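A.B. asks: My structure is below; once you've seen it, I'll send some questions.
The values are calculated or read from the model by the stated rules, or taken from the named source; none is laboratory data. The model shown is predicted, which means the values in this text are computed figures rather than measured ones. Positions of Cβ are backbone-derived with ideal geometry, glycine not excepted, and every protein chain shown enters the neighbour counts.
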Amino acid sequence: MTYPPPSAAGQAAPEPTSGALSDALAPPFGPPSAPPSSAPPSSAQPPAEPPTWLGRVARRVRDYFLALDPTFLSAAAPLAVIAIILFTRAPSTNYIFDEQEALLANPYVNAKGGLRFIDAIHRDFWGLPPDRSVGSYRPLPNFLWRTVWAVTKQPFFHHFYNVLFHAANAALLTCVTFWLTRRRGLAYLAGLIFVGCAVLTEAVSGIVGIADVLGGLGAIAALAALALPAWAMPFGVFAAVLFGLFSKESALVCVPLIPFAALIAAPLTHPTRPARLVRSLLALLAAGAAFVLYVELRRRWFPAPMPAELAAPLPEGTPLAKRALHDLLVWFHQAPLPRDPLNNPLSSADTPHRIAGALRVYWRGLTQVVFPWTLSGDYSYPQEPAPDRLVFFGSVAGAALMALPPLGSLALWIAALRREHLERRERRSVRAAFLVDGGQATSRRWSLLLAGALLAGAAAALAAYDWHVLRPAGRVPLLRALPLVLWPLPFLPALLLGLGLLVEGGRPLPCPATADRSAWVPLRRGYAGLCLLAIGLTWVVVSYFPHSNIPVVLPTVRAERFWYFPAIGSSLVLAVAFSWLHEALAGTTLAPRRRWSWRAWLTPALFALFFGFQCVQAYRHAMDYRNDLDFWAATKDAVPNSAKAHLNYSVMKGARGDLPARLASSEIAVELAPTWPMAHVYTGDTLCRMHRADEAFPHYRRGMELGPNELSLIALALQCLHDEQRLAAHEAELRQLAEEHPGTWLAYLAVDTLDNGAKHGGVDPKYRPRGYNEGPKE
């Protein structure tokens with residue numbers, strides 16, 4: 001096609017888009033045409049003063065973020081600096097909390113029992129086999145740990161790559177936001193908000209958070225893949241979602257979210273060929289295929305036992321919907337999740353009260369994202385107890401913030417569709433010269449259409465031929481060996497490629513050119529923010545829902561690392577909110593305020609306060625990870641009603657020889673959780689180590705009565721009594737306990753230690769608990 005001259009009559013003028021915050025001062029699509037000026041000639045103007053060094057630095061910083069389009073590398077550099085400053089632990093840090101189980105006691109990471117490198121696919125997140133798993137199947141973090149473990153065992157290095165991956169996620173989110181909006185300031189806002197989000201400190205500074213960070217990388221990469229051509233996008237989405245799923249099972253939220261984002265963002269990423277329904281379908285097929293492949297591979301590589309509630313057959317007359325859900329859960333074959341009322345008090349509540357408590361936790365977590373006044377690494381009983389009533393402020397607020405954002409997304413999308421329609425109609429009504437595809441030739445349309453039709457038709461024909469002819473005849477045994485749910489996978493790549501080529505070969509919509517024909521202006525200005533906000537609002541709710549304890553009871557009632565996926569959406573929402581506020585107060589490039597007033601500085605000041613508070617809280621919480629004592633001291637102060645926090649703090653004090661402080665904290669734990677066996681046994685153990693074994697025995701006895709099958713606790717109590725030579729003094733009471741609890745570890749171990757203690761030096765060594773900071777037992 002021929003291009004019109006720059007001075008062609010009716011040529012649409014370049015439309016600079018107003019950016020976030022100071023984008024209003026720097027249009028992203030090249031320099032705007034200079035308007036006529038009534039100023040005196042330059043010879044009559046006084047010479048400009050040279051800028052100070054501070055002004056030059058400020059100008060360079062501003063130009064770095066606003067003069068050029070962000071790329072992954074240009075965004076990663078400043079974001080990595082921020083992440084390193086905020087989240088890096090002290091080099092002298094040690095392994096804290098569940099990091100000991102994840103690395104020190106992980107038999108796969110330590111290559112115990114002849115485990116090969118590839119055997120991560122047969123072990124859970126903690127290196128345990130399927131029959132001992134707690135349900136966390138995440139082989140990619142284990143591969144990474146095993147690789148780095150061979151180089152160094154220092155905990156500092158094992159958390160530092162979390163920080164770098166988090167910075168990479170923020171940089172990629174910056175690029176995705178820019179591709180959707182073409183607004184540099186808004187893109188960097190989203191990246192800054194995400195990288196400094198204080199509630200993510202547990203995931204970034206904690207070593208076990210690598211699963212959340214890598215899962216988030218897969219989710220953001222899937223979003224980035226939506227900008228690819230339609231023929232390549234499904235393969236990018238498939239690879240990204242599969243990567244996320246093998247990093248953490250939470251990435252299953254990508255199956256509905258990525259097609260939803262494709263539906264909303266199609267006119268932003270591909271303004272000349274939106275084809276939103278087809279692109280959404282391609283993303284759904286790709287994400288769904290990744291999910292199905294993940295489940296089938298996990299079922300084969302990691303054959304965990306079926307949960308008891310799923311193993312039992314459904315009674316006759318079960319409704320079809322309930323039966324279908326049951327069959328889906330049986331196919332998904334999630335390993336049984338542990339239920340401990342101490343870690344999750346909602347596990348013992350009935351369904352209505354569990355949901356009410358879960359909504360309260362959701363409300364509190366959402367407020368933490370915006371205002372992280374208190375951050376903690378633990379929220380165990382009774383910090384988040386099951387509620388005694390259904391309707392209260394937390395449950396109502398949580399329900400509203402779970403129901404309204406998706407409805408708001410729908411309203412925003414409808415408004416965006418209307419604006420898009422009006423803008424396209426307005427541009428068509430101006431009889432201007434148009435460029436199509438940004439000036440690219442469209443002569444390949446028919447070849448793309450032909451190739452796409454052939455591929456899609458061949459895939460459909462081969463699938464039909466296999467289903468109706470080859471499969472009944474028993475031919476092609478390789479395809480017959482596939483489970484029915486995997487049968488479409490061999491035909492899916494050609495179908496996706498064909499459909500993508502059909503989309504790229506479709507009739508393009510026009511887009512106006514810039515005045516100098518050097519670029520094309522996407523149809524974004526009127527509705528990009530609406531689309532981004534619609535994606536973000538739904539993303540927050542849907543990505544948190546699997547962690548909410550509403551669809552399924554989790555081992556943990558609340559954890560800040562659960563917010564890594566939702567923070568992707570909240571960063572988009574907050575970035576758009578700050579951008580809109582700035583435009584409302586300071587005006588835009590297209591509609592500037594008449595006077596430069598305090599309004600122009602209000603939003604930057606508010607953002608500086610918001611971002612500064614997030615950074616301060618993130619840094620403070622990251623410093624809690626200096627060592628295990630500081631971690632649990634900060635945790636018990638942040639959540640004073642957590643019995644687990646007080647008891648772990650007591651253990652840290654005891655490990656440093658401060659037994660009186662250990663005793664005081666242990667007694668607080670007993671007071672908060674009087675039915676917790678560990679609190680009683682650890683209190684008795686403290687007294688026993690203070691050579692007050694007779695005072696310790698009532699605590700030991702109470703703990704063993706509450707937990708007659710708690711092998712490690714029973715062995716700990718019996719060993720200390722033996723070491724203090726007070727085992728014989730309480731022999732009668734121990735034998736009575738054994739008689740009262742037949743068939744338990746208490747019955748066996750108490751009698752065995754009384755009868756064979758002299759030979760074994762106390763408890764049989766193979767039953768003694770693993771010591772603090774020790775590796776896996778052989």
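A.B. asks: Quick one: what pairs do we get from segment 746-766, first residue farther than 16 Å from ASP723 by Cα, second charged (D, E, K, R) and part of a helix (DSSP H, G or I), C-beta under 8 Å, 6+ apart or different chains?
C.D. replies: Matching pairs, first to second residue: ALA747/GLU739; VAL751/ARG735.
A.B. asks: Is there a residue in segment 769-776 that is at pLDDT below 90, in a helix (DSSP H, G or I) and under 30 Å from ASN94 (Cβ atoms)?
C.D. replies: Checked segment 769-776: no residue is at pLDDT below 90, in a helix (DSSP H, G or I) and under 30 Å from ASN94 (Cβ atoms).
A.B. asks: Given (1) within 25 Å of the chain's Cα centre (by Cα); (2) surrounded by 12 or more Cβ atoms within 10 Å (Cβ to Cβ), where does ALA349 come up short, assuming only one miss?
C.D. replies: ALA349 satisfies every listed condition except (1).
A.B. asks: Considering only residues of segment 89-122 that are under 22 Å from PHE156 (Cβ atoms) and in a helix (DSSP H, G or I), which is farthest from the chain's Cα centre (by Cα)?
C.D. replies: LEU104
A.B. asks: I've got another one for you. Quick one: in segment 424-436, which of the residues that are part of a helix (DSSP H, G or I) and crowded, with 16+ Cβ neighbours inside 10 Å is modelled with the lowest pLDDT?
C.D. replies: The extreme case among them is ARG427.
A.B. asks: Name the one entry in PRO385, PRO352, PRO315 that is more than 25 Å from ASP131 (Cα to Cα) and in a helix (DSSP H, G or I).
C.D. replies: None of the other options fit; the residue is PRO352.
A.B. asks: Just checking, does segment 704-718 include any residue being more than 45 Å from the chain's Cα centre (by Cα) and either assigned to a helix (DSSP H, G or I) or surrounded by 14 or more Cβ atoms within 10 Å (Cβ to Cβ) (or both)?
C.D. replies: For segment 704-718, residues more than 45 Å from the chain's Cα centre (by Cα) and either assigned to a helix (DSSP H, G or I) or surrounded by 14 or more Cβ atoms within 10 Å (Cβ to Cβ) (or both): absent.
A.B. asks: Can you work out which of the residues in segment 68-88 that are over 27 Å from GLY127 (Cα atoms) and part of a loop (DSSP other than H, G, I, E, B) is farthest from the chain's Cα centre (by Cα)?
C.D. replies: Taking the candidates together, the pick is LEU68.
A.B. asks: Looking at segment 56-78, can you tell me whether even one residue there is touching a residue at least 60 places away in the same chain (Cβ under 8 Å) and either within 30 Å of ARG299 (Cα to Cα) or of a type in the set (Asp, Glu) (or both)?
C.D. replies: Checked against the condition, which is being touching a residue at least 60 places away in the same chain (Cβ under 8 Å) and either within 30 Å of ARG299 (Cα to Cα) or of a type in the set (Asp, Glu) (or both), segment 56-78 yields at least one hit.
A.B. asks: Working only within segment 297-323, note down all residues that are surrounded by 10 or more Cβ atoms within 10 Å (Cβ to Cβ) and farther than 23 Å from ARG123 by Cα.
C.D. replies: ALA312, LEU314, THR318, LYS322, ARG323
A.B. asks: Another question about this same structure. Give the residue, chosen from ALA605, ALA655, ALA575, that is over 30 Å from TYR381 (Cα atoms), modelled with pLDDT under 95 and either among the hydrophobic types (A, V, I, L, M, F, W, C) or surrounded by fewer than 21 Cβ atoms within 10 Å (Cβ to Cβ) (or both).
C.D. replies: ALA605
A.B. asks: Now for a different question. Looking for whichever is surrounded by 14 or more Cβ atoms within 10 Å (Cβ to Cβ), within 22 Å of ALA230 (Cβ to Cβ) and either within 34 Å of the chain's Cα centre (by Cα) or modelled with pLDDT under 75 (or both) here; the options are LEU509, LEU479, LEU492. Which one fits?
C.D. replies: When all the criteria are applied, what remains is LEU492.
A.B. asks: Given ASP685, ASP637, which one is in a helix (DSSP H, G or I), on the phi < 0 side of the Ramachandran plot, acidic (Asp, Glu) and buried (at least 21 other Cβ atoms within 10 Å of the Cβ)?
C.D. replies: ASP685
A.B. asks: Now a separate question. So which of ALA461, ALA456 is at negative phi, of a type outside the set (Asp, Glu) and touching a Gly at 6+ places or on another chain (Cβ under 6 Å)?
C.D. replies: ALA456
A.B. asks: Given the conditions (1) modelled with pLDDT of 90 or more; (2) farther than 30 Å from SER250 by Cα, report the number of the one that VAL542 does not fulfil.
C.D. replies: (2)
A.B. asks: Which condition does ARG56 not pass, out of (1) more than 22 Å from the chain's Cα centre (by Cα); (2) assigned to a helix (DSSP H, G or I); (3) modelled with pLDDT of 90 or more, if it passes all the others?
C.D. replies: Status for ARG56: all satisfied but (3).
A.B. asks: How many of the residues making up segment 355-382 are β-branched (Val, Ile, Thr) and either at positive phi or outside any helix (DSSP H, G or I) (or both)?
C.D. replies: Adding up the residues that qualify gives 1.
A.B. asks: Can you tell me which residues in segment 121-166 are hydrophobic (A, V, I, L, M, F, W, C) and either free of Cβ contacts under 8 Å to residues at least 24 places away in the same chain or in contact with a Ser or Thr (Cβ under 9 Å, 6 or more places away or on another chain) (or both)?
C.D. replies: Selection gives PHE125, TRP126, LEU128, LEU140, VAL148, ALA150, VAL151, PHE156, PHE157, PHE160, VAL163.
A.B. asks: I'd like the residue in segment 364-412 that is charged (D, E, K, R) and without any contact (Cβ under 8 Å) to a residue 40 or more places away in the chain and, out of all such residues, is surrounded by the fewest Cβ atoms within 10 Å (Cβ to Cβ).
C.D. replies: Filtering segment 364-412 for residues that are charged (D, E, K, R) and without any contact (Cβ under 8 Å) to a residue 40 or more places away in the chain, the one surrounded by the fewest Cβ atoms within 10 Å (Cβ to Cβ) comes out as ARG389.
A.B. asks: Which number in (1) over 23 Å from the mean Cα position of the chain (by Cα); (2) free of Cβ contacts under 8 Å to residues at least 24 places away in the same chain; (3) under 15 Å from VAL553 (Cα atoms) marks the one condition that PRO341 misses?
C.D. replies: For PRO341, the failing item is (2).
A.B. asks: Return the residues of segment 123-139 that are surrounded by fewer than 22 Cβ atoms within 10 Å (Cβ to Cβ) and outside any loop (DSSP other than H, G, I, E, B); say none if nothing qualifies.
C.D. replies: PRO130, ASP131, ARG132, listed by residue number.
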